[in-house]
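Written below as structure tokens is the structure these notes are about.
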Amino acid sequence: MDSSIKVSVIIPVYQVETYLERAVDSVLAQTLPEKEIILVDDGSFDASPLICDRYAQEYPGLVRVIHKENEGLGLTRNAGVRAARGEYVAFLDSDDSVEPEMYEELYQKAKQEDFDIVMCDVKILYVDEGRTSVISTYTSENVDLADYIANGNNITYSVNKLYRREIWEKHQYEKMLFEDISLIPALITHYPHIGYVPKPFYHYYRRANTISTTSAGAMVDIIQAFRNFLNQSDPRYRDEVVYTTAKQIYWNMYQSRTLFQADFIGLLHEFQKDFLLNPYLQKDKKRKKLLDEIGRKTIPETFICVHFGREIPPSYLEEIQTDFPRGALLDIDETDPRARTLPQGVRRALEQGNTAYAEEYVALKTLYEEGGIVLAPQMRAGLNLKRLRLNRVFFGFDDEEELLAGCFGACRRHYVIQALLDSYEEDNLFNKAFLPLKDRIRDFLILHFQLRMNGRSQLLKNEVQVYLPSVLAYDMKNGENCCKKAEYPVPEGYELVSGKVLKLWSDRLLENWNLYKQERNRKTPDSKPSAPPPPKAAPNQALIEREMEERIQEVVRNYETSTCWKLTKPIRALAKLFGKEGG
């Protein structure tokens, strides 16, 4: 430590040539003279490294530069901390800025009462919206740590705080997204002597499509971040830590990162005792809703791929690792113990070379025992598949006449999967003729759940969800696809689609448009009818009529809340796909 340096300001730098000068200049303008600026270039390949070097040349002794290979924000901050010589340490993100008085006032506050940490307020500048807001960190300059943890703001921010340098001899950031959430709230619980300056010194520029607002598979790290907070905090503040975690989970589950709802529910299950017994949460009528989720079953993020005598395509593995980095892959071939104990009929099929029949049985058996999502090697999963984990069991249509067996899922030991599995031991046509699993599923759902073979989305007896072909088989460019076939090479810019599904989609668009016009004309009787009125329903058609009315209202809502561009998007996609049938 250099006694002449009061504050070391660490600025991690990565691909920020547009904003970096504003950040550095805001520190150079600080009223505190005894400071140093450490620019840590995390392997940038834009003009950022040159900008860093220029500042170091122009301000020798004040600005230092570290160039390193790309490792992410957390490890870049760690590198800056190791190089810091100041009595206190602060962090500034390279696309943000600070007020000129920030570090002087925070340092003075720290020295007044020998605080370990001093905080300030945050001004958020919503760049795309052209507005600002100030988030106050606490309600009083005298910080009660328990109350601050439970009811304060900005607790997860690294950047609105000044830290005694010795703190960082015991703590460091992890290599992950949401490294702030993982470390800072837990760190604060171990240093209750905290000061606060109620001024919005820190300017946080919030933009769309940044690391904190973009959905990507790696963003599931937020679950681990909350887990670290719960596990690494001082036990004296357990109730407050659990409550503020619950508030963060609530906001993320229902507003910010709804795609990861099943992951958040898994975290609630993991710490259910803490959440169910939390006194703060019991009194919070809004967030208490989370407790209902604890009893909800979700499908594990486990992918079951059974492949006899063939390899899994590299692209299959790459997409699983990219979109589901914390998911599990059960890679099962003919040597796996789960493939050795087979019913007599399945073994006979395998001996006759019908590997697909045996693969389907082993996949079904593994699904029942482990829970998860069966994903055949010829299928490609997308990030939206996470949403389907909120079902207890799901299947999908391949077209109006067939179901799909390449992607389906269920909770562990679900009775529907058990019934399908038991059917392999019976003396029936499926086992005698080695009929494919999709036919077995179809007949089972028709018999026991009244499935209608129409290619439409259906929730059967509030238990079994069956999806459209555009959800689990083909990508129709409508934002709904979770998984699609990849059996044939397709030119870039095109999608694989069967002729039956193309016709189904086209007919559905025309049907929806006619329903919309019919309802619109009914509401405005002066306009000329675009289609003849439907015949009067017979008494035994009451159910059909009611379902049709519900469908009409659904279509009307969709059309009247959509823009013209959004309305024509499926049609434009069909125009692009026409003539490119891949079935």
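The values are calculated or read from the model by the stated rules, or taken from the named source; none is laboratory data. As the structure is a prediction and not an experimental result, all values here were calculated from the model. Positions of Cβ are generated from backbone atoms using ideal geometry, with glycine treated the same way; all protein chains shown enter the neighbour counts. The area values use the complete protein model at the heavy-atom level, side chains included, leaving out ligands, DNA and RNA. Shrake-Rupley method; radii C 1.70, N 1.55, O 1.52, S 1.80 Å.
Yes/no per residue for (1) open to solvent by 20 Å² or more (accessible area, probe 1.4 Å); (2) within 23 Å of the chain's Cα centre (by Cα); (3) under 23 Å from Arg452 (Cα atoms):
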position: Gly353; (1), (2), (3): yes, no, no
position: Gly371; (1), (2), (3): no, yes, no
position: Ala381; (1), (2), (3): no, yes, no
position: Lys386; (1), (2), (3): no, yes, no
position: Arg392; (1), (2), (3): yes, yes, yes
position: Gly396; (1), (2), (3): no, yes, yes
position: Glu402; (1), (2), (3): yes, no, yes
### Message
If I go through the range 322-351 residue by residue, how many of them are of a type in the set (S, T, N, Q) and touching a residue at least 12 places away in the same chain (Cβ under 8 Å)?
### Response
1
### Message
Looking only at the range 194-220, count every residue that is among the aliphatic types (A, V, I, L, M), within 30 Å of Glu101 (Cα to Cα) and at pLDDT below 95 and tell me the total.
### Response
2
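Here is a list: Ile223, Ile184, Ile249. Which entry is closer than 23 Å to Asp96 by Cα, of a type in the set (A, V, I, L, M) and outside any loop (DSSP other than H, G, I, E, B)?
None of the other options fit; the residue is Ile184.
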### Query
Quick check: is even one residue across the range 339-351 among the charged types (D, E, K, R) and crowded, with 16+ Cβ neighbours inside 10 Å?
no
### Task
Among the residues of the range 313-327, write down those that are more than 12 Å from Gly217 (Cα to Cα) and open to solvent by less than 20 Å² (accessible area, probe 1.4 Å).
Tyr316
### Message
Considering only residues that are over 18 Å from Phe408 (Cβ atoms) and open to solvent by 70 Å² or more (accessible area, probe 1.4 Å), which ones fall in the range 473-490?
### Response
Lys477, Tyr488, Pro489
### Task
For the range 227-276, enumerate the residues that are over 20 Å from Gly295 (Cβ atoms), surrounded by fewer than 18 Cβ atoms within 10 Å (Cβ to Cβ) and of a type in the set (S, T, N, Q).
Asn231, Gln232, Gln255, Ser256
### Task
Assess whether Tyr138 counts as being open to solvent by less than 80 Å² (accessible area, probe 1.4 Å), touching a Gly at 6+ places or on another chain (Cβ under 9 Å), at negative phi and of a type in the set (Phe, Trp, Tyr).
yes
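In the range 1-22, which residues are out of contact with any Lys or Arg (no Cβ under 8 Å at 6 or more places or on another chain) and open to solvent by 10 Å² or more (accessible area, probe 1.4 Å)? Before you say what the answer is, go through the steps one by one.
Taking the range 1-22 and keeping what is out of contact with any Lys or Arg (no Cβ under 8 Å at 6 or more places or on another chain), we get 3-4, 11, 13-22.
Matches in the range 1-22: Ser3, Ser4, Tyr14, Gln15, Val16, Glu17, Thr18, Tyr19, Glu21, Arg22.
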### The one condition in (1) open to solvent by 20 Å² or more (accessible area, probe 1.4 Å); (2) farther than 17 Å from Asp2 by Cβ; (3) in a loop (DSSP other than H, G, I, E, B) that Leu75 fails to fulfil
(3)
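Looking at Tyr126, Tyr103 in this structure, which one is in contact (Cβ under 8 Å) with a residue 60 or more places away in the chain, in contact with a Lys or Arg (Cβ under 8 Å, 6 or more places away or on another chain) and exposed (fewer than 15 other Cβ atoms within 10 Å of the Cβ)? Show your work before the answer.
Numbers: Tyr103 fails: exposed (fewer than 15 other Cβ atoms within 10 Å of the Cβ).
Matching residue, one of Tyr126, Tyr103: Tyr126.
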### Query
For the range 404-431, which residues satisfy the criterion of being open to solvent by 40 Å² or more (accessible area, probe 1.4 Å) and in contact (Cβ under 8 Å) with a residue 40 or more places away in the chain?
Arg412, Arg413, Gln418, Glu425
### Summary
Per the filter on the range 1-24, residues among the acidic types (Asp, Glu), in a loop (DSSP other than H, G, I, E, B) and free of Cβ contacts under 8 Å to residues at least 40 places away in the same chain are Glu17
### Message
Residues that are part of a helix (DSSP H, G or I) and surrounded by fewer than 19 Cβ atoms within 10 Å (Cβ to Cβ): does the range 491-502 have at least one?
### Response
yes
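Quick one: how many residues across the range 25-55 are assigned to a helix (DSSP H, G or I), within 14 Å of Met102 (Cα to Cα) and open to solvent by less than 10 Å² (accessible area, probe 1.4 Å)?
The initial filter retains those residues of the range 25-55 that are assigned to a helix (DSSP H, G or I), namely 25-28, 48-55.
Still in the running and within 14 Å of Met102 (Cα to Cα): 25-28.
Those left that are additionally open to solvent by less than 10 Å² (accessible area, probe 1.4 Å): 27.
Residues meeting the conditions: 1.
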### Query
If you go through the range 444-472 one residue at a time, how many are open to solvent by less than 60 Å² (accessible area, probe 1.4 Å), without any contact (Cβ under 8 Å) to a residue 60 or more places away in the chain and either closer than 25 Å to Glu370 by Cα or within 30 Å of the chain's Cα centre (by Cα) (or both)?
7
### Query
Which one of these does Leu291 not meet: (1) surrounded by fewer than 16 Cβ atoms within 10 Å (Cβ to Cβ); (2) over 29 Å from Pro489 (Cβ atoms)?
(1)
### Task
Could you grab me the full set of residues in the range 234-246 that are part of a helix (DSSP H, G or I) and charged (D, E, K, R)?
Arg236, Arg238, Asp239, Glu240
